[in-house]
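Structure, as structure tokens:
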Amino acid sequence: MNALKRNQVLKGKHGGMQLVLTEDVPHLGKQGEVVLLKIGVGGDATAVTGQFLSRRIPFFRDGDRYLGLIGIDLQDAPGMHELTLDVVSPQGHRTLSYNVLVIKEHYPVQHLTLPKDKVDLDDDNLVRVKAEQEIVRTALNQISQERLWNVAFVQPVEGPTTGAFGRLRIINGQARNSHNGEDIAAPLGTEVAVMNDGIVRLTVDHFFSGKGVYVDHGLGLYSMYFHLSQILVEPGQAVTRGQVIGKVGASGRASGPHLHWGVRVNGARVNPLSLTKLSFTPVPASVR
Ligand SMILES: [Zn+2]
């Protein structure tokens, strides 16, 4: 039998109607969103690992199903992408395939004109920033193989979110990095709660982020909290959802007291608010 491609359209048959072969329903996600995938793979599966774009996604067992968080990076290309799952069982490996439709998000663009010396880093600070980026990259590349988080996530600080996630700043005509977290306005000294259970991996006092805390939630999920006035935890310390880990400040490069809250899912930069509104609809997989 000829292999029919997913979403192949057969024309002129079936009484003139078009038949669209959809082996599965695509998962939808906007750039910067998290998709929670729940799959039934049979009771004998012992491990499930996903691959989406260049990112490896470990799944975890939840009763008779496996769950995985698929992070869509804020700059993933819009369009249909394949998510493949490698399912290991005593019989061997099986591959499941899903469609994930990445929808374009329209992020705000901000044009600023600033004096050159306020924008460009001097040599010393450039060296410092590069070294700090390396420290963060090394820390976030470590993937704890155990899930430490529970399904419900909390916002670390109550307060107005500013919708700053993904914002592109063009300063003096030059595009800067997209803003890869959400900013929450809150008074100096407001307590900052960790969004879920995890282990503190890194505490820093960096040029841009100021006093910051990085929390490992396992399976490649990290959260980060920047511009703090005070850090109340230490690297290696286990924390539970809602625990106070620091206080709101304006350290680092911040124009005033606020919390910068960032989340990485297996390397994808996602809007942390999308974790607090995860949807739980299961979709059947196609087997090949
Ligand atoms: Zn920010």
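Within 10 Å, at most 13 other Cβ atoms, and a DSSP state outside H, G, I, E, B define an exposed site. Report the longest part of the chain free of exposed GluC sites (Glu not before Pro). Free of exposed loop sites, the longest segment is 1-145. Projecting the Cα atoms of GLN237, LEU96, VAL109 onto the dipole axis of the chain, where Lys and Arg carry +1 and Asp and Glu carry -1 at the beta carbon, places LEU96 farthest toward the positive end. Note on the chain: with neighbouring protein chains present and a 1.4 Å probe, carbon and sulfur make up 52 percent of its accessible heavy-atom surface.
Under unit Cβ charges (Lys, Arg +1; Asp, Glu -1), what dipole magnitude, rounded to 20 debye, does the range 160-216 have relative to its Cα centre? Intermediate values should be presented prior to the final figure.
Numbers: 5 positive and 6 negative charges, 69 e Å.
For the range 160-216, the charge dipole is close to 340 debye.
Over the chain, accessible surface divided per residue gives 51 Å², non-protein components excluded, 1.4 Å probe.
Considering only the Cα atoms of the range 105-148, their convex hull presents on average a projected area of 6.1 nm². Adding -39500 (n - 2.57) for every DSSP H run of four residues or longer, then dividing by how many residues the chain holds, sets the calculated 222 nm ellipticity at -2500 deg cm²/dmol.
Once the Cα atoms are used to define both axes, helix 123-140 deviates from the longest principal axis of the chain by about 40 degrees.
Run the dipole for the chain about the Cα centre, Lys and Arg Cβ at +1, Asp and Glu Cβ at -1, nothing else charged, and hand back the magnitude in debye, nearest 20. Write down the numbers at each step before the final one.
Values: 30 positive and 27 negative charges, 173 e Å.
Taking the Cα centre of the chain as origin, the dipole is about 840 debye.
What Kirkwood radius, in Å to one decimal, follows from the Cα pairs of the chain? It would help to have the intermediate numbers written out before the result.
On the way: mean 1/r = 0.0481 Å⁻¹.
Its Kirkwood hydrodynamic radius stands at 20.8 Å.
In plain terms, the chain from ASP86 to LEU28 could stretch by 18.8 nm, reckoned as 0.36 nm per residue minus the Cα-Cα distance. Looking at the chain alone, DSSP beta bridges between its own residues are antiparallel in about 90 percent of cases.
Do the alpha carbons of any pairs in LYS116/LYS211; LYS247/LYS277; LYS38/LYS277 sit beyond 22 Å of each other, and which pairs?
Numbers: LYS116/LYS211 26 Å; LYS247/LYS277 25 Å; LYS38/LYS277 16 Å.
Violating the 22 Å Cα-Cα cut-off are LYS116/LYS211; LYS247/LYS277.
The values are calculated or read from the model by the stated rules, or taken from the named source; none is laboratory data. Values in this document were obtained by computation on a predicted structure and should not be read as measured data. Here Cβ is always computed from backbone atoms with ideal geometry, including for glycine, and neighbour counts include all displayed protein chains. For the accessible areas, the whole protein counts, side chains as well, though only heavy atoms, and no ligand, DNA or RNA atoms are used. Shrake-Rupley method; radii C 1.70, N 1.55, O 1.52, S 1.80 Å.
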